[in-house]
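A quick write-up on the structure given underneath.
Quick note: the coordinates plus some simple rules give every number you see, no bench work behind them. A quick note: this is a predicted structure, and the numbers were derived from the prediction, not measured. Here the Cβ positions follow ideal geometry from the backbone for every residue, glycine too, while neighbour counts run over all protein chains shown.
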Amino acid sequence: MKSGKNCKVLAGFDGFIDTIAKPVLKSETYGEPSVHFRTIREFGTWIAEHSGKSASLELDILDRRMGGNMPNFVRGIAALGAEVCAIGMLSGDQGKFDPVFSALPGRAFSFAPAGTATALEFDDGKIFLSPRYVLEGKPWALIEKALGETPGTENYKTFLCEADLIACLNWSELAFMDTLWRELFEKCAALLKPDKGKFVFFDLCDFSRKSGDEVRHILKLIEQFSAMRTTILSLNRNEALLLEEAGIQSGELAGVAEKLTETYAIDEIIIHSHDGALAKTAEGTFTAENTIIPHPKISTGAGDHFNAAWAFAACMEWPPAERLRFANYCARSYVSSGRSPGLAELPAEYQRSAHLNPQIQ
């Protein structure tokens with residue numbers, strides 16, 4: 001079994017500056033605090049009631065922080081002890097590394113300006129509002145330039161070859177990401193010797209705006225990675241159900257996972273939601289219930305922390321059932337506390353890597 005410090009992760013390739021906000025139902029008045037919309041349904045009903053009218057909406061701003069799937073994933077897996085290299089959209093308006101990403105752990109390289117998003121937080125989920133992002137230039141050429149302009153830095157070949165896990169995150173929200181993932185596959189095919197003891201992790205994110213053909217093509221690309229590495233595809237419950245548009249039809253989540261592995265030869269499928277998670281691996285199908293946090297401190301990034309914990313546990317060679325429990329626990333800890341849990345903070349049953357490597361704190 002490996003130690004966390006021997007778990008090398010290359011993660012990419014997005015990066016956003018998130019404004020975290022709660023929509024206000026009733027404003028603060030006479031010393032009484034604001035009342036926020038509790039649920040997305042309640043908020044949606046309010047919007048529908050204003051059809052044909054004009055309305056304004058007040059937001060209580062909770063934070064301005066680094067966002068995007070890659071930064072959240074990196075924070076989660078680095079807190080557990082992994083050695084991380086992050087490549088993403090991390091620059092400010094002047095082309096320099098934006099200070100909001102200064103707390104990003106490990107080594108980080110920026111190849112493009114950060115995107116911006118506003119996350120509306122509710123007790124039962126979140127809604128992201130984000131302007132369309134247009135990348136100026138060819139994705140992989142920009143990545144090579146970003147790495148090459150850093151004195152003393154190894155090039156991408158070193159990072160790809162040394163990584164125990166490559167994390168490809170947020171395919172759906174950025175138009176250029178499809179091209180970037182295909183360019184990444186070409187680089188990997190040319191460089192990497194097959195090693196199923198290493199992993200490539202994929203999170204498509206909400207692909208409701210994508211066509212069935214687009215989804216089928218990206219699943220086929222993930223299948224091609226399986227010739228080189230153990231492939232892991234993460235979905236939330238909504239995304240799993242959306243796969244019906246791509247021809248993956250099943251009445252329940254276990255059937256979706258089974259159909260995916262049969263149709264596309266993806267090695268591992270994980271499907272997570274507020275109340276539990278499911279995994280389909282070569283060892284079988286596993287489920288784990290989860291405790292819902294009724295009043296989360298933050299929900300933005302919960303799925304990314306689930307993914308980070310599963311990815312870390314995969315590198316640690318933990319069995320699938322234990323990975324699921326661990327991923328649920330880490331996501332729940334993040335939602336209730338608002339910060340990435342460190343391995344040493346978790347129950348003793350999850351600290352086996354710390355016992356092997358006392359450098360992990």
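Is the shape of the range 182-298 best called rounded, prolate or oblate, per the rule: a/c under 1.5 gives rounded, else a/b larger than b/c gives prolate, else oblate, with a ≥ b ≥ c the square roots of the Cα gyration tensor eigenvalues?
prolate
For LEU129 and LYS157 in the same chain, what is the full-extension length gain: residue separation times 0.36 nm, less their Cα-Cα distance, in nm?
So the extension gain works out to 6.5 nm.
If R₀ is 41 angstrom, what is the calculated FRET efficiency for the pair ASN6 and THR287, using the beta carbon separation as r and rounding to 0.05?
0.85
Taking the Cβ of each residue in HIS305, HIS50, HIS274, HIS217 as the centre, tally the other Cβ atoms inside 10 Å and list the residues starting with the fewest.
HIS50, HIS217, HIS274, HIS305
Could you tell me whether the range 54-135 comes out rounded, prolate or oblate from its Cα gyration tensor? Rule is a ≥ b ≥ c as square roots of the eigenvalues, rounded for a/c under 1.5, then prolate if a/b exceeds b/c, otherwise oblate.
Taking the square roots of the gyration eigenvalues as a ≥ b ≥ c, the range 54-135 is oblate.
Points 7 angstrom from Cα along the Cβ direction at ALA227 and THR263: gap in nanometres?
2.2
For the pairs LYS138/LYS193; LYS138/LYS280; LYS96/LYS196; LYS126/LYS193; LYS26/LYS297, flag any whose C-alpha to C-alpha distance is greater than 30 Å.
LYS138/LYS280; LYS96/LYS196; LYS126/LYS193
Once label points are set 7 Å from the Cα along Cα→Cβ at both VAL24 and SER211, what is their separation, rounded to one decimal in nm?
Roughly 4.4 nm, to one decimal.
By count of other Cβ within 10 Å, fewest leading, how are THR281, THR45, THR118 ordered?
Starting with the residue having the fewest Cβ neighbours, the order is THR45, THR118, THR281.
Among ALA103, ALA279, ALA11, which one shows the highest mean-square fluctuation when the chain is modelled as a Gaussian network with alpha-carbon springs under 10 Å?
In the Gaussian network model the winner is ALA103.
For the chain, rounded, prolate or oblate, judged on the Cα gyration tensor with a ≥ b ≥ c (square roots of eigenvalues), a/c < 1.5 rounded, else prolate if a/b > b/c?
rounded
Go through the range 12-63 and name the chymotrypsin sites (Phe, Trp or Tyr not before Pro) that are in a DSSP coil and have 12 or fewer other Cβ atoms within 10 Å of their Cβ.
Within the range 12-63, the qualifying chymotrypsin sites (Phe, Trp or Tyr not before Pro) (loop, at most 12 other Cβ atoms within 10 Å) are TYR30.
Work out how much length ALA189 to ALA175 would gain on full extension: take 0.36 nm times their residue separation and subtract the Cα-Cα distance, in nm to one decimal.
Going from the current span to full extension adds 2.7 nm.
Quick check: Cα centre of the range 151-214 to Cα centre of the range 56-123, how many Å?
19
Using Cα springs under 10 Å in a Gaussian network model of the chain, which residue among ILE47, ILE17, ILE269 shows the largest mean-square fluctuation?
Checking each option, the largest mean-square fluctuation is seen for ILE47.
Of all the stretches in the chain, which is the longest one without any exposed loop site, taking trypsin sites (Lys or Arg not before Pro) in a DSSP loop (any state but H, G, I, E, B) with at most 10 other Cβ atoms within 10 Å?
Longest site-free region, per DSSP loop and neighbour criteria: 210-361.
Label ARG107 and SER34 with points 7 Å out from Cα along Cα→Cβ: what is the distance between them in nm?
Reported label-point gap for ARG107 and SER34 is 4.2 nm.
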